Amino acid sequence: MGGRTSTILSFHRFLSQVCCSFGMEGKIMRHSIERKILVPFLLIVLLPSLIIGAVSLWSSYQSEKELKMTTVHEKLDSVHRYATLLRNRANEGEIAEQDARSMMRELIQDTEGLYAQNDLGAIFMNGRTLPPNQVAALLSEEAGFLQERMVLSEELPEWGWTLYHPVELSFYSGSLLDIQKYTLLIAIFTGVIAVQFTILFSHHLSKPIKDLAAFCKRVAKGESQTGVDIGTKRKDEIGVLSTSLQEMVYNLDEQKQQIDRIKHQNEMILNSVHVGILLIGESSSPLSNDAAKAMLERDEGLRKNIQDIIHSRSKQRAEEMIMTYVDGEKVFYAVHYQDIGTDSNLAIMTFEDITQRRKLELRVERMSRLASLGEMASGIAHEIRNPLAGIKSTTELLLRRLNLSEQELKLTENMLIDIERVNKTITTTLDFSRPVESRLTNVKVDESIQSVLLLLKTMAKEKEVTFRHCVHQFDMLVDRDQLRQILLNIIMNGLNAMPEGGKITIDSRATEHDVILTISDTGIGMDEATIEKIFDPFFTTRSEGTGLGLSIVHQLVVQNQGDIEVVSSSGKGTTFEISFQKAEGGSGSGGESGNH
């Protein structure tokens, strides 16, 4: 019993060791790679030990069974020989029949585990006859799990008796465990050692793989890989794989940084250009640079036109010019639309604010037209002036030599007045075609404005027009006399545009390089068609005008390296903006003069 108890305790210790090992490695076992390595190795290591133990146990069981069977057979043979001897002695009269039976009973009673059935069919054991229910259980060969029961019998024909001897075998028997206890202890010890080595081996084999997996996860999340050991110093295939992976990640990082630099540079380039750029896709909102965002936020009309172009997109190249209004002023855009490739759903659109370019083109066109008209007017003026001088001389001669009536005298005097008007127009035309050279000097703007307003004070009073002059003490580079002529012509046009009275406001402001004069009136204003022609020679809306005033103004502004713009609408007055180069000096302080 001591050996059996020791074996069971050793088995329990083995199970506890295995459970502890798996418990310590429970966290690792949750990872599939180690489980896939550990489980097959455990099976490979433990299965042979289990098979050897089972074979050894089975072999011992068979040996014990054979031994018991042999012992019982010898016991039955011994009883059979003794029964034969007694029968022979009884037959020879050496002993009585009754004494022989008594001696036979005593032998069966003294033999352990032996049963006998007499010639009457009764079964007795240990000197007593067994009841029928005990007889059935005695002769049954049914046994429990891992147990075996057999009943061996021996016929005694001399006596008419039958001997029975049950044999019970079990894998739990103490004798079997005593025989195999050292074998089981060695198997258990070997299994524990094998489990420990298997766990350590699987951990050692799976750790670099798990480190590689953790490294890849960090790479995927974009985390830093500094200080991460993935076994690059190993000399086996895992070391080669780790080194290759680390080099690949390093190259990818370099390429990503290079791509980021190129992307940043491209974004800087796109956001630094003044052209609006849109990248249009069917399933996403358009991507835009800073210039496009600024123009679309500022101009609602442009935004609507762009949306219309996007909705009616085609595979053909499209170029067009769009005109919108921002704060009442015309704004022009050059729009270009092009699909990217033939199989792509992407398209690129560019749009540029060409208002200043458009104004420059119109200015160049206007200057070219004025130059052509000036040359033509100069030729015509020369052709008219010579015969006109003859007509004037002849008329004056006739006036002196003829004795004219009062009515004829008035007609002749009116003729001379008209001839003088024509001559004045011709002189003005010739002055327009042969402009005087401009001498740019440092001119105080407010002094020139005040001198012109003083000159026109009487005329303004007659027309019930008031002047408002905002003083800022700006200086500009311009010809002083030509500036006065420019101001005089524009202000007189304003006075003539207010037959029922009104107000003319003269203001100025300075930018980094220019000084801008603003002359606004509250007169009848002009429509767009009139604005397009006001600088053309001989164009006028007044019957008594020559149509050269604003043409001369435009010419003088251009001669003085300036610029002039007109903003007007019918019934809302007109504003002229004239800009000249800013000069050094001038305080630029604000103020306002009184009404003139």
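Here is how the numbers come out for the structure above:
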item: Residue list for the range 78-102, filter: among the hydrophobic types (A, V, I, L, M, F, W, C) and more than 24 Å from Val151 (Cα to Cα); result: Leu85, Leu86, Ala90, Ile95, Ala96, Ala100
item: Index of the failed condition, Ala497 passing every other in (1) buried (at least 19 other Cβ atoms within 10 Å of the Cβ); (2) among the small types (Gly, Ala, Ser); (3) within 28 Å of Gln581 (Cα to Cα); result: (3)
item: Search result, residues across the range 555-596 that are open to solvent by less than 40 Å² (accessible area, probe 1.4 Å), modelled with pLDDT of 85 or more and under 18 Å from Met476 (Cβ atoms); result: Leu556, Val557, Asn560, Gly562, Ile564, Phe576, Ile578, Ser579, Phe580
item: Selection count, the range 260-277, where residues are open to solvent by 60 Å² or more (accessible area, probe 1.4 Å) and under 12 Å from Glu352 (Cα atoms); result: 1
item: Among the residues listed as Arg439, Arg484, Arg468, the single one being without any contact (Cβ under 8 Å) to a residue 40 or more places away in the chain, farther than 30 Å from Thr394 by Cβ and either open to solvent by 60 Å² or more (accessible area, probe 1.4 Å) or not assigned by the TED database to the domain that holds Glu565 (or both); result: Arg484
item: Meets criteria (touching a residue at least 60 places away in the same chain (Cβ under 8 Å), of a type outside the set (Asp, Glu) and either under 15 Å from Ile578 (Cα atoms) or assigned by the TED database to the domain that holds Leu388 (or both)) for His513; result: yes
item: Selection count, the range 59-80, where residues are surrounded by 14 or more Cβ atoms within 10 Å (Cβ to Cβ) and out of contact with any strand residue (DSSP E or B) (no Cβ under 8 Å at 6 or more places or on another chain); result: 1
item: The range 278-305: number of residues that are surrounded by 19 or more Cβ atoms within 10 Å (Cβ to Cβ) and touching a Ser or Thr at 6+ places or on another chain (Cβ under 6 Å); result: 3
item: Count - residues of the range 149-180 that are at pLDDT 70 or above, open to solvent by 50 Å² or more (accessible area, probe 1.4 Å) and either touching a His at 6+ places or on another chain (Cβ under 6 Å) or not in a loop (DSSP other than H, G, I, E, B) (or both); result: 3
item: Arg385 vs. criteria within 54 Å of the chain's Cα centre (by Cα) and modelled with pLDDT under 75; result: no
item: Inter-residue pairs, beta-carbon under 7 Å, first in a loop (DSSP other than H, G, I, E, B) and in the range 274-286, second surrounded by fewer than 17 Cβ atoms within 10 Å (Cβ to Cβ) and at pLDDT below 75, 6+ apart; result: Gly281/Asn345; Glu282/Asn345
item: Unique match (being out of contact with any helix residue (DSSP H, G or I) (no Cβ under 8 Å at 6 or more places or on another chain) and closer than 27 Å to Glu464 by Cα) among Glu565, Glu577; result: Glu577
item: Flag for Ser56 being open to solvent by less than 80 Å² (accessible area, probe 1.4 Å), assigned to a helix (DSSP H, G or I), at pLDDT 75 or above and not assigned by the TED database to the domain that holds Arg101; result: yes
item: Given (1) open to solvent by 20 Å² or more (accessible area, probe 1.4 Å); (2) within 13 Å of Thr466 (Cα to Cα); (3) among the hydrophobic types (A, V, I, L, M, F, W, C), index of the condition Ile506 fails; result: (1)
item: Residue identified as in contact with a Phe, Trp or Tyr (Cβ under 9 Å, 6 or more places away or on another chain), farther than 30 Å from Glu106 by Cβ and not assigned by the TED database to the domain that holds Ile108 among Leu38, Leu46; result: Leu38
item: Residue match in the range 448-460 (condition: touching a strand residue (DSSP E or B) at 6+ places or on another chain (Cβ under 8 Å) and of a type in the set (Val, Ile, Thr)); result: yes
item: Members of the range 181-212 found to be among the aliphatic types (A, V, I, L, M) and modelled with pLDDT of 75 or more, listed by number; result: Leu185, Ile186, Ile188, Val192, Ile193, Ala194, Val195, Ile199, Leu200, Ile209, Leu212
item: Top-ranked residue in the range 524-543 [being open to solvent by 60 Å² or more (accessible area, probe 1.4 Å) and hydroxyl-bearing (Ser, Thr, Tyr); ranked as farthest from Ile504 (Cα to Cα)]; result: Ser543
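The values are calculated or read from the model by the stated rules, or taken from the named source; none is laboratory data. Since the structure is predicted, the reported quantities are computational estimates derived from the model, not experimental observations. FYI the Cβ positions are ideal-geometry reconstructions off the backbone, even for glycines, and counts take in every protein chain you see. Side chains are part of the model used for accessible areas, which takes the heavy atoms of the whole protein and leaves out ligands, DNA and RNA. Shrake-Rupley method; radii C 1.70, N 1.55, O 1.52, S 1.80 Å.
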